[in-house]
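J.: Structure provided below as structure tokens; questions to follow.
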Amino acid sequence: MKSLETLDITSLAKISIIGLPAVGKTTILKLLSKNFIDKVYIPTQGFDLKTVKFGNYHLKVWDFGGQKSYLSYLKDYLIGSDMVFIVTDSTPLNVLNSKILIELTSNIVEEDCPIIAIANKQDLCMNDSGRMNQKLVEDLLQIKTYGLTAIDQLERMKLIEIIKNELNRVLKRRRIN
Ligand SMILES: Nc1nc2c(ncn2[C@@H]2O[C@H](COP(=O)(O)OP(=O)(O)OP(=O)(O)O)[C@@H](O)[C@H]2O)c(=O)[nH]1
Ligand SMILES: [Mg+2]
């Protein structure tokens, strides 16, 4: 027989990944769910949904296509999220343009749903693409931000730890209330 706490943590969580086109949302889903990460860019049509399990966690991960035409469906997609990732490619223009997504999201999700930014493509910070590090992205977006290189398989554990920490906080708060 499982303890109550284990049952709580096992409860299904909905994680939504949103962001502008080609920032790496589907790659993040691959990083979580696959052993091999190909670097092919096929724009997501509508959305993709995968179940990811690790330890007691049972996650439904929703990956939304970033094209403008899908924005009007954002509300339907985001409702019921337990956690939302807003992904940027860490270029200044993309980060600034992502601010609107934060605003839209915060008007849709529950108050206790973490909205976390991902400063993706950190491997490209060193070339002359003008990409910003995690700290600069966080300063611009004013929400909790993690740096990531989603094409690097070694970052999988880092991503899992981010999800575990954030979800634990939400689940704990819900147990108290
Ligand atoms: N260098 C580098 N390339 C990345 C990284 N993450 C993703 N990419 C590449 O960026 C391209 C777009 O990635 P996707 O994950 O398909 O982008 P997306 O955000 O899902 O795009 P849409 O579905 O159109 O909204 C692919 O060629 C990926 O291989 C990263 O951390 N570093
Ligand atoms: Mg995609």
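Read-outs throughout are calculated quantities, based only on the coordinates presented, and are distinct from any laboratory measurement. Remember, it's a predicted structure, so these values are computed and weren't measured experimentally. As a convention, Cβ positions derive from the backbone with ideal geometry for all residues, glycine included, and neighbour counts pool all protein chains shown.
J.: For Asp76, are the conditions met, namely being in contact with a Phe, Trp or Tyr (Cβ under 8 Å, 6 or more places away or on another chain) and without any contact (Cβ under 8 Å) to a residue 60 or more places away in the chain?
T.: So Asp76 does not fit the description; no.
J.: Those residues that are free of Cβ contacts under 8 Å to residues at least 60 places away in the same chain and within 13 Å of ligand 1 (Cβ to nearest atom), I need them from segment 37-49; list them, please.
T.: Of everything in segment 37-49, those that are free of Cβ contacts under 8 Å to residues at least 60 places away in the same chain and within 13 Å of ligand 1 (Cβ to nearest atom) turn out to be Asp38, Val40, Tyr41, Ile42, Pro43, Thr44, Gln45, Gly46, Phe47, Asp48.
J.: Looking only at segment 80-103, which residues are crowded, with 21+ Cβ neighbours inside 10 Å and within 20 Å of Asn165 (Cα to Cα)?
T.: Listed by number, the residues that qualify are Ser81, Asp82, Met83, Val84, Phe85, Ile86, Val87.
J.: If a residue must be within 16 Å of ligand 2 (Cβ to nearest atom) and in a helix (DSSP H, G or I), how many such residues does segment 146-158 contain?
T.: Summing the residues that are within 16 Å of ligand 2 (Cβ to nearest atom) and in a helix (DSSP H, G or I) in segment 146-158 gives 0.
J.: Could you tell me which residue of segment 79-104 is farthest from Gln142 (Cα to Cα), considering only residues that are more than 16 Å from ligand 2 (Cβ to nearest atom) and aliphatic (A, V, I, L, M)?
T.: Ile79
J.: Let me ask something else. Quick one: how many residues across segment 58-78 are within 11 Å of ligand 2 (Cβ to nearest atom) and surrounded by fewer than 17 Cβ atoms within 10 Å (Cβ to Cβ)?
T.: 1
J.: Which residues, counting only those in segment 26-57, are within 13 Å of ligand 2 (Cβ to nearest atom), more than 18 Å from Glu155 (Cα to Cα) and not hydrophobic (A, V, I, L, M, F, W, C)?
T.: Scanning segment 26-57 gives Tyr41, Pro43, Thr44, Gln45, Gly46, Asp48, Lys50.
J.: Moving on to the next point. Kindly check whether there is at least one residue in segment 104-118 that is surrounded by fewer than 20 Cβ atoms within 10 Å (Cβ to Cβ), free of Cβ contacts under 8 Å to residues at least 24 places away in the same chain and more than 26 Å from Asn168 (Cβ to Cβ).
T.: No, segment 104-118 contains no residue that is surrounded by fewer than 20 Cβ atoms within 10 Å (Cβ to Cβ), free of Cβ contacts under 8 Å to residues at least 24 places away in the same chain and more than 26 Å from Asn168 (Cβ to Cβ).
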